[in-house]
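A short write-up of the structure that comes next.
Just so it is clear, none of the values below were taken in a lab; they were calculated from the coordinates. Since we're looking at a predicted model, the values are computed, not measured. FYI the Cβ positions are ideal-geometry reconstructions off the backbone, even for glycines, and counts take in every protein chain you see.
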Amino acid sequence: MAIKKFVVGCFTDEKELFPAVKTIRKSGFKIHDVYTPYPVHGLDTALGLRETSLHTAGFIYALIGLCTAFGGIGWILTIDWPQNYGGKPHFALPAWIPIMFECTVLFSAVGMVLTFCYICQIGPLVKKHRFHLRATDDYFVMVIECTQQTNTHDLEGLLKSLGACETKTETVESGWWLGRYDLPAPSVASAVIALILITSLSACSNGDAGREQNRVYMPDMAYSRAVETYDDKEHITNKGIFYNAEPAKGSIARGSDIPFLIAKDTPGSTLNYLAAQKIINPITSLSSDDQEEAHRLYLVYCGICHGQKYDGNGPLYKDGSGPFPAKPATLVGDPKYDAMPEGQMFYSVTYGKNLMGSYASQLTTKQRWMVIKYIKMQQEAVSKPQTNTNSK
Amino acid sequence: MHLKYESQLREPLVYGEKTYGQVTEDILKPIERKPSKLWYVGFFISSALLLFGVYSVYRDVTYGIGQWNLNKTVGWGWDITNFVWWVGIGHAGTLISAILLLFRQGWRTGVNRAAEAMTIFAVLCAGQFPVFHMGRVWMAFYTLPLPNTRGPLWPNFNSPLLWDVFAISTYLTVSLLFWYSGLIPDLATVRDRAKTKFTKLMYGIGSFGWSGSTKHWQRHESLCLVLAGLSTPLVLSVHTIVSFDFATSVIPGWHTTIFPPYFVAGAVFSGFAMVQSLMLVVRKVFGMEDYITIGHIEAMNKVIVLTGSIVGVAYLTELFMGWYSQNKYEGYTFWYSRANLFSPYGWSYWGMMACNVLSPQIFWFRSMRRNIFVTFFMSVIVNIGMWFERFVIIVTSLYRDYLPSSWSIYYSPSPWEIGFFVGTFGLFFTCFFMFSKYAPVIAVAEIKYILKTSGESFKNKITKIETEPLDKFVDEQKHAH
């Protein structure tokens with residue numbers, strides 16, 4: 001390879017560098033390059049370098065990215081895999097814009113950086129000849145290429161007179177500007193080969209031998225920690241699994257009635273019993289079928305004490321001769337019970353009243369309200385007989 | 001005592017009369033010396049956090065994301081909150097390096113390198129969350145449109161979640177390229193000053209054989225300018241797309257059109273706060289007070305008060321629309337689930353309001369903007385507030401959905417959920433400690449570039465202009481044209 005000779009002059013300030021560049025070029029010398037620690041504006045024009053067209057490359061890469069994204073998504077969503085997403089058109093351009101934009105930027109950036117590395121011939125493991133190590137620190141290093149005729153001594157003198165603080169002459173093998181590998185090629189190659197060997201060896205299967213090991217790592221969720229159907233909530237909690245099995249407070253199952261929110265009184269208190277007066281019967285009227293059903297329920301569950309005629313004289317009491325010790329309430333005809341709000345009646349039927357037990361387990365909420373409505377209708381039938389048409 | 005006139009308009013970006021050599025010396029000091037005890041302590045703590053995070057993630061992968069306390073309505077909890085939070089933090093780096101470069105804000109040079117590094121590490125942390133949220137992480141490649149024998153089976157390009165995949169990965173790649181291409185000349189500086197063979201070799205590889213040739217610098221400048229131009233819309237698009245994850249849904253509290261700008265402002269807001277926290281520590285620990293000046297801190301505080309107020313306007317707009325729309329569900333979400341202090345998560349909403357909207361207002365006062373302790377305190381507060389913001393948006397919109405019977409009970413994270421978050425802190429700071437030890441935390445070449453125009457000598461020039469009689473100045477300007 002050819003050997004070339006260079007004269008190197010170091011400057012410490014831009015202010016001296018620019019006139020020096022001008023003078024050297026005017027004197028007919030060929031400036032090989034100026035190495036600077038930071039981008040010095042205007043130096044490229046002073047050296048007669050043309051504009052870089054790297055940005056044009058960036059624009060082209062951007063267009064490629066845009067077309068790739070548009071073409072790819074378009075082909076996938078309209079031809080290869082025309083999925084129906086909620087009835088939207090297959091060709092849904094607005095929804096593709098974000099990805100098209102991202103690809104535009106990605107292609108442009110990656111393409112430009114690679115191009116930059118390529119045209120500057122820089123990259124990992126590339127080593128370039130450096131004329132002065134302080135070119136990356138605080139020196140502006142001007143390198144002039146010599147010809148056969150150049151008197152290096154005079155040139156160095158000229159540079160000194162232009163303000164160079166340090167000058168020298170160097171001979172360098174040409175072709176170096178392409179850079180060369182920092183590490184000797186054989187060692188790089190052997191490292192790569194060793195890496196390939198190790199990966200391929202470790203990827204080799206040793207048949208079924210490996211399957212016998214009873215050690216498992218990352219078992220792909222083989223051991224389910226999922227909640228089993230109808231598993232007990234407490235059991236799940238004890239296993240340390242968070243599982244929110246409870247419905248939200250106050251939620252009502254579909255089709256069921258509004259719950260009776262008043263709790264049973266503590267012994268000795270009538271607070272809730274009185275509060276129940278305010279609760280309104282959700283059933284406002286009974287159809288004839290419902291009346292028949294309510295009547296049937298009454299006879300099955302209540303009539304035995306309260307009597308067929310609602311007079312509190314059922315077979316169990318029979319004017320005191322029956323086995324039941326207390327007189328059941330006269331549900332129709334007694335002003336106290338005629339005036340009793342339905343909510344309060346409901347309370348008594350649900351939680352019991354003195355010797356009368358709770359009927360919450362025999363009758364559903366709805367049935368209880370129905371029976372109470374029915375009793376109220378009988379009370380009205382007696383107090384206002386003219387409007388009564390349905391009494392039985 | 002000197003009675004020299006000081007310019008009120010512009011202060012120098014670099015303090016003290018410095019030479020190029022001194023700049024190199026100052027900035028490379030941490031690399032060329034043995035790290036301090038403090039560095040070791042910090043590094044040890046952050047790697048311990050990282051290990052805990054790795055263990056949490058290990059449990060998550062082994063047992064599935066049932067390890068987290070997500071429940072039937074709160075299907076996005078801490079994981080997505082943390083994701084959005086970290087992505088947001090990343091935005092300041094790009095904003096400083098790209099948008100401020102386009103706006104020709106000279107002050108960016110002091111902080112851009114570290115801010116860009118912060119961006120990369122933050123996006124790296126952010127990316128973990130959606131990936132591990134997938135449960136079976138080894139299937140993560142299903143999100144990529146790879147030619148396949150599964151069908152054909154392709155990802156849904158119309159889905160904001162896929163947009164996110166593209167946005168985040170593009171953002172990470174472009175930020176990395178931008179950061180590294182800026183780093184190459186500085187690594188070359190380290191290489192050329194290296195004493196040992198090993199450092200020479202390592203920095204030789206890292207600096208790509210950079211020589212500082214004029215032509216290379218010319219291309220380098222063009223590259224950086226175009227990358228900045230690309231990053232500017234990119235950074236806006238990334239958080240816009242993240243906000244689309246929410247805004248394109250029909251969940252009250254998410255389904256709002258102001259999300260994109262509001263998310264971007266919030267991202268810049270939290271990002272700058274994080275830059276402040278980091279830079280205040282860096283400048284103290286590495287003694288870089290001359291390069292990261294009070295002027296830098298003040299400029300960033302101005303951005304914080306601006307973006308914080310934008311975010312505040314967005315909060316109020318949401319509340320207003322919650323009422324004005326007369327949409328029952330919107331009203332319930334904004335006025336009951338959020339603004340009502342006594343609702344189950346009311347504390348998080350008001351925590352967010354206090355940290356993000358009210359407290360940054362103290363930066364209207366110049367003395368507060370230039371106070372280091374206030375700034376550091378506020379930077380932490382703002383980041384807490386921004387974390388709350390994401391938590392509020394996600395959890396308060398989800399825990400009471402359209403079907404009251406499936407309303408979930410109070411959502412609070414499991415130790416492994418917290419461990420994952422803590423682990424990303426470990427990752428972030430481990431990376432940052434490594435970076436601050438092995439790479440110049442301030443862009444050396446860029447500081448040298450502005451040294452003459454914005455350093456102490458610039459100050460002298462401005463002082464001269466400001467003290468000379470007005471007629472003379474006008475005269476000079478007239479002749480100059």
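Is there a simple number for the mean count of other chain Cβ atoms within 10 Å of the Cβ of residues in A:40-50, and what is it? Walk me through the numbers on the way to the answer.
Values: counts 5, 5, 0, 3, 6, 1, 1, 3, 0, 3, 2.
Average neighbour count from other chains, rounded to a whole number: 3.
Which entries of A:K327/A:K353; A:K327/A:K376; B:K18/B:K215; A:K4/A:K160; A:K353/A:K373; A:K5/A:K160 show an alpha-carbon separation above 24 angstrom in the structure shown? Write down the numbers at each step before the final one.
Values: A:K327/A:K353 12 Å; A:K327/A:K376 20 Å; B:K18/B:K215 27 Å; A:K4/A:K160 22 Å; A:K353/A:K373 19 Å; A:K5/A:K160 18 Å.
Correct reply: B:K18/B:K215.
Counting Lys and Arg as +1 and Asp and Glu as -1, each charge on the Cβ, what is the dipole of the stretch A:271-383 about the Cα centre in debye, to the nearest 20?
Working: 11 positive and 10 negative charges, 66 e Å.
Rounded to the nearest 20 debye, it is 320 debye.
Kindly express, to the nearest 10 degrees and within the range 0 to 90, the angle between helix B:160-193's C-alpha long axis and the longest C-alpha principal axis of chain B.
30 degrees
Translational diffusion coefficient, Stokes-Einstein: compute it for the stretch A:2-181 using the Kirkwood radius over C-alpha pairs as Rh, at 10 °C and 1.306 mPa s, and state it as an integer in µm² s⁻¹. If you can, show how the numbers build up before the last one.
Numbers: Rh = 20.1 Å.
In µm²/s, the coefficient is 79.
Report the Cα centroid-to-centroid distance between the stretch A:9-44 and the stretch A:107-158 in angstrom, as an integer.
The distance from the Cα centre of the stretch A:9-44 to that of the stretch A:107-158 comes to 13 Å.
For a distance above 54 Å, tell me the whole-number percent of Cα pairs in the protein assembly as shown that qualify.
Working: 134615 of 380628 pairs.
Tail of the P(r) past 54 Å holds 35 percent of the pairs.
Let me know the charge dipole size of chain A about its Cα centre in debye, to the nearest 20, where only the beta-carbon of Lys, Arg (+1) and Asp, Glu (-1) is charged.
Values: 37 positive and 37 negative charges, 124 e Å.
With Lys and Arg at +1 and Asp and Glu at -1, about 600 debye.
Ranked by Cβ crowding within 10 angstrom, fewest neighbours first, how are A:T136, B:T24, B:T256 ordered? Walk me through the numbers on the way to the answer.
Working: A:T136 29, B:T24 25, B:T256 21.
Placing the least packed residue first, the sequence is B:T256, B:T24, A:T136.
Provide B:L341, B:L101 in ascending order of the number of other Cβ atoms located within 10 Å of each residue's Cβ, fewest first.
Working: B:L341 9, B:L101 22.
So the residues, fewest neighbours to most, are B:L341, B:L101.
Along its principal axes, what span do the Cα atoms of the stretch B:292-396 show, with the longest given first and each in whole Å?
Per principal axis, max minus min of the Cα coordinates gives 51, 24, 18 Å.
To the nearest 20 debye, what charge dipole does chain B have about its Cα centre, counting +1 at the Cβ of each Lys and Arg and -1 at the Cβ of each Asp and Glu? List each step's numbers first, then the result.
Details: 39 positive and 29 negative charges, 211 e Å.
Once rounded to the nearest 20, the dipole reads 1020 debye.
What three numbers, in Å, describe the spread of the alpha carbons of the stretch B:128-208 along their principal axes, ordered from the longest?
57, 24, 21
Principal axis extents for the stretch A:271-383, Cα atoms only, whole Å, descending order, please.
That gives 38, 36, 30 Å along the principal axes, largest extent first.
How much of the pair distance distribution for chain A lies past 41 Å, counting alpha-carbon pairs only, in percent?
Details: 48524 of 76636 pairs.
Taking all Cα-Cα pairs of chain A, the fraction more than 41 Å apart is 63 percent.
Could you tell me how many degrees, from 0 to 90 and to the nearest 10, lie between the Cα long axis of helix A:365-383 and the main elongation axis, the longest principal axis, of the Cα atoms of chain A?
40 degrees
So who's got an amide H within less than 5 Å of the one on A:E166, skipping anything under 5 residues away but keeping other chains? H placed 1.01 Å off N, in plane.
A:C10
Please turn the phi angles of the stretch B:436-441 into ³J(HN,Hα) values with the Karplus equation 6.51 cos²θ - 1.76 cosθ + 1.60 (θ = phi - 60°), one per residue in order, whole Hz, x for glycine and proline.
5, 8, 9, 9, x, 6
Considering every residue in A:51-58, what mean count of other chain Cβ atoms within 10 Å of its Cβ is obtained?
On the way: counts 2, 8, 2, 8, 6, 2, 3, 7.
Neighbouring Cβ atoms belonging to other protein chains average 5 per residue here.
If you average the sequence gap of Cα pairs under 8 Å that are 6 or more apart and divide by the length of the stretch B:288-444, what percent do you get for the contact order?
Details: 107 pairs, mean separation 32.5, N = 157.
Value for the stretch B:288-444: 21 percent.
Given an 8 Å cut-off on Cα distances and at least 6 residues of separation, report the relative contact order of the stretch B:212-318 as a percent. Before the final figure, lay out the partial values.
Values: 53 pairs, mean separation 25.5, N = 107.
In percent, rounded to a whole number, it is 24.
Rounded, prolate or oblate: which fits the stretch B:55-135 when a ≥ b ≥ c are the square roots of the eigenvalues of the alpha-carbon gyration tensor, with rounded for a/c under 1.5 and prolate only if a/b beats b/c?
Numbers: a/c = 4.93, a/b = 2.85, b/c = 1.73.
In terms of gyration-tensor shape, prolate.
Could you tell me which residue out of A:I122, A:I24, A:I64 lies farthest along the dipole of the stretch A:2-181 toward its positive end? Charges go on the beta carbon: Lys and Arg +1, Asp and Glu -1, centred on the Cα centre.
A:I24
Sort B:302-311, B:331-340 by packing, meaning the average of other beta carbons within 10 Å per residue, with the highest value first.
Details: B:302-311: 21.2, B:331-340: 19.4.
Highest to lowest by the protection proxy: B:302-311, B:331-340.
Taking beta carbons within 10 Å but only from partner chains, what does the mean come to for residues B:221-234?
On the way: counts 5, 10, 12, 2, 3, 11, 7, 0, 4, 8, 2, 0, 3, 6.
What the average comes to for B:221-234 is 5.
Once every DSSP H run of n ≥ 4 in chain B is given -39500 (n - 2.57) and the sum is divided by its residues, what mean residue ellipticity at 222 nm do you get, rounded to the nearest 500 deg cm²/dmol?
On the way: 17 runs with 312 residues, N = 481.
Rounded to the nearest 500, it is -22000 deg cm²/dmol.
Which order, highest average first, do B:180-187, A:358-365 follow once you tally other Cβ atoms within 10 Å for each residue and take the mean per peptide? Please list the in-between numbers first.
Numbers: B:180-187: 22.2, A:358-365: 14.2.
Result, highest mean first: B:180-187, A:358-365.
What percent does the relative contact order of chain A come to when contacts are Cα pairs within less than 8 Å and at least six residues apart?
Values: 404 pairs, mean separation 67.7, N = 392.
17 percent.
Each residue of the stretch B:200-213 in order: what ³J(HN,Hα) in whole Hz does its phi give by Karplus 6.51 cos²θ - 1.76 cosθ + 1.60, θ = phi - 60°, with x for Gly and Pro?
4, 5, 4, 6, x, 5, x, 8, 6, x, 5, 10, x, 5
Which whole number of Å³ per residue matches the convex hull of the alpha-carbon atoms in the stretch A:76-161?
Working: hull volume 20.2 nm³, N = 86.
So the per-residue hull volume is 235 Å³.
Measure nothing but the geometry: give the 0 to 90° angle between the long axis through the Cα atoms of A:54-75 and the longest principal axis through the Cα atoms of chain A, rounded to 10°.
Its long axis makes an angle of about 30 degrees.
Please express the shape of the stretch B:218-287 as an equivalent ellipsoid: the semi-axes are the square roots of 5 times the eigenvalues of the C-alpha gyration tensor, given largest first in whole angstrom.
31, 21, 7
List, in order, the whole-Hz ³J(HN,Hα) value for each residue of the stretch A:348-362 obtained from phi through the Karplus relation with A = 6.51, B = -1.76, C = 1.60 and θ = phi - 60°; use x for Gly and Pro.
Computed from phi, the couplings for the stretch A:348-362 are 5, 5, 6, 9, x, 9, 6, 7, 7, x, 7, 10, 5, 7, 8 Hz.
For A:H32, list long-range residues whose amide hydrogen, built 1.01 Å from N in the peptide plane, is under 5 Å from its own amide hydrogen.
When sequence neighbours closer than 5 places are left aside, the close amide H contacts are A:V143, A:I144, A:E145.
What percentages make up the Cα-Cα pair-distance distribution of the stretch B:182-221 when the bins are 10 Å wide from 0?
The percentages, shortest bin first, are 35, 49, 15, 1.
Between B:R59 and A:K88, what FRET efficiency follows from the Cβ-Cβ distance if R0 is 35 Å, with the result rounded to 0.05? Display every interim value, and only then the final one.
On the way: r = 39 Å, r/R0 = 1.13.
The formula returns an efficiency of 0.35 here.
With only alpha-carbon atoms in the gyration tensor, what are the semi-axes of the equivalent ellipsoid for chain B, in Å, largest first? Present the calculation step by step, with values, prior to reporting the outcome.
Values: eigenvalues 345, 164, 89 Å².
Its equivalent ellipsoid spans semi-axes of 42, 29, 21 Å.
With all pairs of different alpha carbon atoms counted, what Kirkwood hydrodynamic radius in Å does the stretch B:34-178 show?
Working: mean 1/r = 0.0562 Å⁻¹.
For the stretch B:34-178, inverting the mean 1/r across all distinct Cα pairs yields 17.8 Å.
Have a look at A:G352, A:Y301, A:Q379 and report the one farthest towards the positive end of the charge dipole of the stretch A:271-383, computed about the Cα centre with Cβ charges (Lys/Arg +1, Asp/Glu -1).
A:G352
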